[in-house]
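Below you'll find the structure I mean.
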Amino acid sequence: MIITVFGLGFVGLTTALGFAQKGHKVYGYEINQKRVDTLNNKVLPFHEPELDDALIRHLNKNFFISNDLKSALLESDCVYYCVGTPYGENGQANLSYLFSAIDSTLNEIHDNKYRVLVTKSTIPPTTTKNKIIPYIENKGFKVGKDIGIANNPEFLREGHCWNDFINSDRIVLGVSDNKSKEMIMKLYEKFDCPLFTVSLNTAEFIKYLSNTFLATLISFSNEMSIIADTLGEINVSEAFKIFHLDKRWNGSDITSYMYPGCGYGGYCLPKDTNAIYALTKSKGFNAKILENVIWTNDNISKFIVNKITRTIEKKDKIGILGLSFKPGSDDVRDTAAARIIKELIQRGYTNIMVYDPIAMDDFKEIYDLDVEYVSKEDLIEKAEELVITTAWDEFKDIKQLTDKQIVDCRYML
């Protein structure tokens, strides 16, 4: 089959190259020209293991970055939307990029060919049914007759995107007509995993069910770490490691979320948890668990800064180790390190140096913070106190390199 993918970020590029790997012809469309130029040079614009090799394998063979959107759309059987749905008004999802991509599609397809428009971007439950379908039909297309509509949520982890797509543990398709269902199932016929076809609302809900659960585990763990600190004489990391040995979840990857740290960050968990909470509240139900999950995440930086400032004076130099929201990624969107640094600066601690193995350039570009960017060696030598904010493996032996005070916000030492 032939596919056009709108948006070549983490999700879109993985989707495009993943379908190419499975033998489909894929066109990628991206409005960010700098990203397009980078990809055309067979270089990833972000850190994502294995995806770089896939780009080299498939670019200009069965994956093409299109500068002729009309031709790509006319040739395609399915159109995938992998554009951003960031924070909008009152925390709800901003759908403007999605509707702009849909407009770009509808403006070009008037040839009576049946195509399926598939939303892979994360959108709140009821969005396809109550907003996308009416919008498309107001443009003169009859959904289920002239054009197909579906959603296909992604379950990708940054740092593991390629494997999570190629070796999916489940595929969820939200569909409302049989023709669309048959076409998308054909896309996935070479995938060896459970495939579920559900209602449009159900598919949208499953994505939020996953992300809000992970966010809840993180905030629960962080709140328990605050309780432990309040009560005193509790070894938090030891307690959680023993807690993980419970046979009901021992050996599961989910234990990485059942561990205290600096709060959840990155792109998905913050925006999706806020979006489903805001949407539900607008419908008249205040989801108290999610309200407190968000509150804990928003305020964990204050607790961490309290720990840092107990033993260091404002004139002293603080060394921040780690800027990405998690190890193995250069993604600094909504990263805990930025929240902690901002809180320190607000309290008058302005002598701050920072280090990260791969995320310093992106951090510097996104955050306008008065900090000094240095090597790990310079930070260890010059800082009076060290603060670990990202659990990079290279920080595990930090105690062997210095006897200075270390605030281990990730409980990794």
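When we measure straight from the Cα of residue 113, which aspartates and glutamates land under 12 angstrom away, once same-chain ones fewer than 8 places off are left out?
Of all the aspartates and glutamates, those that pass the test against residue 113 - Cα under 12 Å, at least 8 places apart if same chain - are 75, 77, 146.
Tell me which residues come under 5 Å, amide H to amide H, from residue 63 once H is placed; ignore anything under 5 positions away on its chain.
The answer is 26.
About the Cα centre of region 326-392, what is the dipole size in debye to 20, counting +1 per Lys and Arg Cβ and -1 per Asp and Glu Cβ, all else neutral?
Values: 8 positive and 16 negative charges, 57 e Å.
In debye, rounded to 20, region 326-392 gives about 280.
Mind ranking 154-165, 361-372 by how tightly packed they are, going by the mean number of other C-beta atoms within 10 angstrom, highest first? List each step's numbers first, then the result.
On the way: 154-165: 19.3, 361-372: 14.2.
In descending order of packing, they fall as 154-165, 361-372.
Right, another one. For region 101-175, what's the radius of gyration and Dmax over Cα atoms, in angstrom?
Computed over the Cα atoms of region 101-175, radius of gyration and Dmax are 14.4, 42 Å.
Using only Cα atoms and rounding to the nearest 10 degrees, what angle (0 to 90) does helix 288-309 make with the longest principal axis of the chain?
Compared with the principal axis, the helix lies near 40 degrees.
Once every DSSP H run of n ≥ 4 in the chain is given -39500 (n - 2.57) and the sum is divided by its residues, what mean residue ellipticity at 222 nm do you get, rounded to the nearest 500 deg cm²/dmol? Could you put the intermediate results ahead of the total?
Details: 16 runs with 174 residues, N = 413.
It comes out at -12500 deg cm²/dmol, rounded to the nearest 500.
Compute, for the chain, the length of the dipole vector about the Cα centre, with Cβ point charges of +1 (Lys, Arg) and -1 (Asp, Glu) only. Units Debye, rounded to 20.
Numbers: 48 positive and 56 negative charges, 273 e Å.
Using Cβ point charges on Lys, Arg, Asp and Glu, the chain gives about 1300 debye.
While we're here: Tell me the volume per residue, in Å³, of the convex hull enclosing the alpha carbons of region 192-318. Write down the numbers at each step before the final one.
On the way: hull volume 22.3 nm³, N = 127.
Roughly 176 Å³ of hull volume per residue.
Where does helix 10-21 land angle-wise versus the long Cα axis of the chain, in degrees 0 to 90, nearest 10?
With both axes taken from Cα atoms, the answer is about 50 degrees.
OK, next. Full extension from residue 89 to residue 393: what is 0.36 nm times the residue separation minus their Cα-Cα distance, to one decimal in nm?
Numbers: separation 304, 0.36 × 304 = 109.44 nm, distance 3.80 nm.
The span from residue 89 to residue 393 would gain 105.6 nm if fully extended.
Counting other C-beta atoms within 10 Å, which of 5, 11, 407 has the fewest, and how do the rest follow?
Starting with the residue having the fewest Cβ neighbours, the order is 407, 11, 5.
Related question: In straight Cα distance, which lysines are under 19 Å from residue 22, not counting same-chain residues fewer than 8 positions off?
Once the sequence-local lysines are set aside, what remains near residue 22 is 61, 120, 181, 186, 190.
Karplus couplings for region 157-162 from phi (6.51 cos²θ - 1.76 cosθ + 1.60, θ = phi - 60°), rounded to Hz, Gly and Pro as x?
9, 4, x, 9, 4, 4
While we're here: Kindly provide the pair-distance distribution of region 261-413 built from C-alpha pairs, with 5 Å bins from 0 and whole-percent values in order of increasing distance.
2, 9, 19, 21, 19, 12, 7, 5, 3, 1, 0
Next question. Translational diffusion coefficient of region 37-121 at 4 °C, 1.567 mPa s, Stokes-Einstein with Kirkwood Rh over Cα pairs, in µm²/s as a whole number.
Numbers: Rh = 15.1 Å.
Estimated diffusion coefficient is 86 µm²/s.
Which residue, chosen from 366, 390, 112, occupies the Cα position most advanced towards the positive end of the dipole of the chain, where the dipole is computed from +1 (Lys, Arg) and -1 (Asp, Glu) charges on Cβ about the Cα centre?
Of the candidates, 112 comes out farthest on the positive side.
Follow-up. Hey, fewest Cβ within 10 Å first, where do 339, 333 land in order?
Working: 339 22, 333 18.
In order of increasing Cβ crowding within 10 Å: 333, 339.
With +1 assigned to the C-beta of every Lys and Arg and -1 to the C-beta of every Asp and Glu, and no other charges, what is the dipole magnitude of region 2-197 about the Cα centre in debye, to the nearest 20? Spell out each step's value before the answer.
On the way: 22 positive and 23 negative charges, 83 e Å.
Using only the charged Cβ atoms, the result is roughly 400 debye.
Positive end of the charge dipole of the chain (Lys, Arg +1 and Asp, Glu -1 on Cβ, about the Cα centre): tell me which of 213, 159, 136 has its Cα farthest that way.
Farthest towards the positive end: 136.
Given a Förster radius of 25 Å and the C-beta distance between residue 315 and residue 413 as r, what FRET efficiency does 1/(1 + (r/R0)^6) yield to the nearest 0.05? List each step's numbers first, then the result.
On the way: r = 26 Å, r/R0 = 1.05.
Plugging the Cβ-Cβ distance into 1/(1 + (r/R0)^6) gives 0.40.
Determine by what factor the alpha-carbon radius of gyration of the chain differs from 2.2 N^0.38 Å, reporting the quotient.
Working: Rg = 23.0 Å, N = 413, 2.2 N^0.38 = 21.7 Å.
Ratio of Rg to 2.2 N^0.38 Å for the chain: 1.06.
Also: Which entries of 283/342; 302/382; 42/399; 342/404; 307/396; 288/314 show an alpha-carbon separation above 30 angstrom in the structure shown?
Values: 283/342 34 Å; 302/382 25 Å; 42/399 39 Å; 342/404 23 Å; 307/396 20 Å; 288/314 37 Å.
Over 30 Å Cα-Cα: 283/342; 42/399; 288/314.
Hey, another quick one. Amide H of residue 335 versus every other amide H placed in the peptide plane: which residues, excluding those fewer than 5 positions away on the same chain, fall under 5 Å?
266
Report the far tail of the P(r) of region 317-392, meaning the percent of Cα-Cα pairs longer than 14 Å. Mind dumping the intermediate values first?
Values: 1510 of 2850 pairs.
Summing the P(r) tail past 14 Å for region 317-392 gives 53 percent.
Follow-up. In what order do 374, 305 fall by count of nearby beta-carbon atoms within 10 Å, going from fewest to most? Please report the intermediate quantities before stating the final value.
Values: 374 17, 305 22.
If I rank by nearby Cβ atoms, fewest first, I get 374, 305.
Provide the packing ranking of 385-394, 70-79, 104-113, i.e. peptides ordered by the mean count of other C-beta atoms within 10 Å per residue, highest first.
Details: 385-394: 21.7, 70-79: 19.4, 104-113: 13.7.
Highest to lowest by the protection proxy: 385-394, 70-79, 104-113.
Residue-wise, which Karplus ³J(HN,Hα) couplings in Hz belong to region 381-396, taking 6.51 cos²θ - 1.76 cosθ + 1.60, θ = phi - 60°, and x for glycine or proline?
6, 9, 6, 7, 9, 9, 10, 8, 10, 9, 8, 5, 4, 5, 8, 5
Rounded to the nearest 10 degrees, what's the angle between the helix 200-231 long axis and the longest principal axis of the chain, both from Cα atoms, 0 to 90?
It works out to around 0 degrees.
How large is the Kirkwood hydrodynamic radius of region 2-197, counting all unique pairs of alpha carbons, in Å? List each step's numbers first, then the result.
Details: mean 1/r = 0.0591 Å⁻¹.
Radius from the Kirkwood sum: 16.9 Å.
Answer with one residue from 289, 240, 225: the one whose Cα lies farthest towards the positive end of the charge dipole of region 206-298, charges on Cβ with Lys, Arg +1 and Asp, Glu -1.
Ranked along the dipole, the leading option is 289.
Rule-based calculations on the coordinates, nothing more; no lab input. Note that the structure is a prediction, hence the values are computed from the model and not measured. Methodologically, a virtual Cβ is constructed for each residue, glycine included, from the backbone with ideal geometry; neighbour enumeration extends over all protein chains shown.
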